[in-house]
Structure formats: structure tokens, C-alpha cells
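Below: one structure, written as C-alpha cells.
The values are calculated or read from the model by the stated rules, or taken from the named source; none is laboratory data. Keep in mind that this is a model prediction, so the values were computed, not measured. Cβ: placed from backbone, ideal geometry, glycine included. Neighbour counts: every protein chain shown.
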Amino acid sequence: MKIAPSILSADFLNMQEDITNVEQAGAEYLHIDIMDGHFVSNLSFGPAAVQAIRPMTKMVLDCHLMVERPDEYIQQLAQAGADVIGVHVEATVHIQRTLALIRENGCKAEVVLNPGTPLNTLTELLPFIDAVLIMTVNPGFGGQKFISEMVDKVRRLAQIKKEQQLDFEIEVDGGINDATIKQCAAAGATVAVAGSFVFDGIDPRQKVELLKKLAND
Ligand code: DX5
Ligand code: ZN
């Protein structure tokens, strides 16, 4: 399982140090939450932040779009250095077009499902995706409680992946800590986002190392 520290909970005045620390601890992904104050009520980063971060790290830049009209940001994000772009199925009625646009721009296409959105919305999208992000909280803020019912959703998705012999990452996001990561790994998740657990302490390195160990034991 890969670890994706979420910089939403990093120290904004010492971002470079936080990023270097988690990379040196072995994190493979860096999760960047992009919020527009409409799809979710919070505001966070945009393409300029992705561009500033790109030269700092070799980690996979995993951009999670929580915005209305996601198509308007794909090209800018790709040019800024995004590797994976995740779009909520709830954010657009033209999700297939958005996923195709992500691939056309040279990035991995990820579809994101809110906790209340059923897995069957993915049925027609499987040929067009490289990853699925199962939200384990309702998006918008760091530090929320893991919704444990989502573990079964991850398990059912992993089953579909196995039955259909497909190859896509299954990512989980929200409330991931030393206890919940084990449940997600056992259910078949392959990438775990963690914000507050990694950064709300004194040593983000130690937290990443712990998560890696627990997820892969
Ligand atoms: C929530 C974001 C998450 C957030 C996770 O909307 O998508 O990526 O940073 O934070 P924690 O790990 O604190 O739940
Ligand atoms: Zn996120």
C-alpha cells in the first residue's frame, strides 16, 4: 500500500520541510486537495500551488478536485505538474468527458465517490479510469472521523476489480490513522491518504513510517 500525505494539514509556512520529511520517510504520493468554496465550503490550493510544489519532490502529485466545473482546471493542473487528477462523480454530469480530458492531458484519471454515492456509478466508467478514490469522510475538511461503513464499499470495489481482472488503484481518503489504515489495507485499498494523522504532531516522518509498516504488515 502506498501512503499519500495530504498537505491540507501541513504547516503552510514550512511546506518544503514537511514535503521533504514525508518523502524521505518513504511516502510515494503527495495528496493536494483543491477546493473552490462551492463544491465544498472550504477553500484551499490551486494550480499555482501545484506548480510551486512540483520541483520540490519526485512523489506522485495526486490532485483531488473538490470543485464545480472541473474541466476548467484540468489543463492548468497538468501543465503545473499534476500526475493524478481525481474528479468527483457528483461534480459533473459529464464525468466520462472529464476523465478522457485528464488522460488527453497526460495524467492518470481518477474518479472520486462521496460516502453517499453508490459503487454502481462506476459501472460504465471502468474503461476510462486509472484509479478510484473512495471518500471515507464527507469532503471539505481535514480531521474528520472515519466512516467505518466505507470499509465494505472498498471491499466490494476490490472484488469487482478482481472479478473483472482490472488494474486500477483503490485510494481511501479521510480519517486514516494507525487503526483505520489496517482495515482499508485488508479490504483491498492500495493508496491511503492521511492528513491530520501525519502532520498534526511533531514528527511527520515517524507517522509515515508507522502507516507504511501497519499497511504492509
Ligand atoms: C478532505 C480531504 C482530505 C483531507 C484528509 O476533504 O479530501 O484529503 O486532507 O484529512 P484527514 O486525514 O485529516 O482526514
Ligand atoms: Zn483529499
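Looking for something of a type in the set (Gly, Ala, Ser), within 27 Å of Leu214 (Cα to Cα) and surrounded by fewer than 16 Cβ atoms within 10 Å (Cβ to Cβ) - is there at least one such residue anywhere in the stretch 81-90? Before the answer, list the steps.
In the first step, residues of the stretch 81-90 are kept if they are of a type in the set (Gly, Ala, Ser); the result is 81-82, 86.
Among the residues that remain, those that are also within 27 Å of Leu214 (Cα to Cα) are: 86.
Next cut, surrounded by fewer than 16 Cβ atoms within 10 Å (Cβ to Cβ) only: none.
No, that holds for no residue.
Restricting attention to the stretch 135-152, the residues that are buried (at least 18 other Cβ atoms within 10 Å of the Cβ) and in contact with a helix residue (DSSP H, G or I) (Cβ under 6 Å, 6 or more places away or on another chain) add up to 4.
Yes/no matrix, rows are residues, columns are (1) basic (Lys, Arg); (2) free of Cβ contacts under 8 Å to residues at least 12 places away in the same chain; (3) in a strand (DSSP E or B):
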{"site": "Asn21", "(1), (2), (3)": "no, no, no"}
{"site": "Lys58", "(1), (2), (3)": "yes, no, no"}
{"site": "Leu61", "(1), (2), (3)": "no, no, yes"}
{"site": "His64", "(1), (2), (3)": "no, no, yes"}
{"site": "Glu68", "(1), (2), (3)": "no, no, no"}
{"site": "Glu72", "(1), (2), (3)": "no, yes, no"}
{"site": "Gln75", "(1), (2), (3)": "no, no, no"}
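For the residues Ile160, Ile176, Ile170, the requirement of being modelled with pLDDT of 95 or more, surrounded by fewer than 24 Cβ atoms within 10 Å (Cβ to Cβ) and within 15 Å of Glu28 (Cβ to Cβ) singles out Ile170.
Is there a residue being surrounded by fewer than 20 Cβ atoms within 10 Å (Cβ to Cβ), more than 30 Å from Lys213 (Cα to Cα) and of a type in the set (S, T, N, Q) anywhere in the stretch 57-74? Among the residues of the stretch 57-74, not one is surrounded by fewer than 20 Cβ atoms within 10 Å (Cβ to Cβ), more than 30 Å from Lys213 (Cα to Cα) and of a type in the set (S, T, N, Q), which makes the answer no.
Residue-by-condition table, conditions (1) in contact (Cβ under 8 Å) with a residue 24 or more places away in the chain; (2) in contact with a His (Cβ under 8 Å, 6 or more places away or on another chain):
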| site | (1), (2) |
| --- | --- |
| Arg103 | yes, no |
| Glu124 | yes, no |
| Leu133 | yes, yes |
| Val137 | yes, no |
| Lys145 | yes, no |
| Gln165 | no, no |
| Val193 | yes, yes |
